[in-house]
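Notes follow once the structure below has been shown.
The values are calculated or read from the model by the stated rules, or taken from the named source; none is laboratory data. Treat the numbers as computed from the prediction; the structure is a model and nothing was measured. Reconstructed Cβ throughout: ideal geometry from the backbone, glycine too, with neighbour counts over all protein chains shown. Side chains are part of the model used for accessible areas, which takes the heavy atoms of the whole protein and leaves out ligands, DNA and RNA. Shrake-Rupley method; radii C 1.70, N 1.55, O 1.52, S 1.80 Å.
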Amino acid sequence: MSVLTVARKSLLPLIGVLLTLLLVGQMRSGRGPSFALSSSPAEAAPAVPSKLDDRVIAEGRLVAYPGAEVAVATELPGVVVRLAVDEKDRVRKGQVIAELKADDLRAELSESRARIEEAEADIRFAEVDLERAERLLAEKVGTQDAADRAMRNRDAASARKETALAAASRLQAVLAKTRILAPIDGVVILRSVQPGEHLEAGESLVTIANLDRLRVEAEVDEFDTGRVVLDAPVQVTAEGYTGQSWPARVEEIPDAVVPRRLKPQDPGKPSDTRVLLVKIALDGKTPLKLGQRVEVEISPKG
């Protein structure tokens, strides 16, 4: 056996080891061998985004429509002598809610009416006196001065009557304000006073709400405002109603963002983020209560 043949036999195992090491290095680097099969077109295509990605999740509260919740206050200071309603009572517009003590006003009104009657008596006497003075003047018996005084007395009595009528009208208007009436149809959700209490002008007695006119005011994060459109479908859920949701729709989108009113339940959310108060109309009756906290899921329209 020649020296060359021996050298070839000893080099073959070494070349095999070097090729193996090179292949392992390529596989570890992620490139793979040059002869590896390319990926299929299905694996290389980008994922299509789901419509679920366009949903907007927000928190909100159940509120009354504008004018459907009213705090009924007194225009006058005074003592409550009668409170005609309790909480949960249903009331009609114009129904008496409470009455304030008004004895002094009624006495003043009686005095004004008496002054009206007195002025009317003075007018009747002055007219008779004026008629007599004018007749005597025509007969060349009386004087012009007597006729003028009689006319002045009649005019003064008429002026006193007008003053008394104005005072009576003013007192009647004030007296009417001692009877506090319901401004809307609804349910008494809060009674703030009791009979015998003294109230200052502007102090609230009861709060009335029309519970048939409720909607959700949702606080949509300012960064999601571009994904909310009118009439978009909404699902409303609330704690304590497991497995239940109620359909609704976006009814009103304001033109400005405002500071957050609800404290975020997620500690990861910044509390200083501004929000859009989106108004959401419920499609039907729900067991939810006025002021209750809810969660809304606003879906893309269509």
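For the range 178-218 and the range 68-93, write down the distance between their C-alpha centroids in whole Å.
What the calculation gives is 5 Å, centre to centre.
Could you give the accessible area per residue of the range 181-296, probe 1.4 Å, as a whole number in Å²?
On a per-residue basis, 54 Å².
Loop-only GluC sites (Glu not before Pro) in the range 164-237, please: DSSP not H, G, I, E or B, and at most 13 other Cβ atoms within 10 Å.
E197, E200
Probe radius 1.4 Å, ligands and nucleic acids ignored: give me the carbon and sulfur share of the accessible area of the range 168-302 as a rounded percent.
That share works out to 49 percent.
Of the cross-linked pairs K93/K177; K177/K279; K93/K289; K101/K289, which ones have a Cα-Cα span greater than 24 Å in the structure shown?
Table pairs above 24 Å Cα-Cα are K177/K279; K101/K289.
Based on the alpha-carbon gyration tensor of the range 86-190 and its eigenvalue square roots a ≥ b ≥ c, which shape applies: rounded if a/c is under 1.5, prolate if not and a/b is larger than b/c, or oblate?
Note, shape of the range 86-190 comes out prolate.
Out of the GluC sites (Glu not before Pro) in the range 119-169, which ones are loop residues according to DSSP with at most 13 other C-beta atoms within 10 Å?
E139
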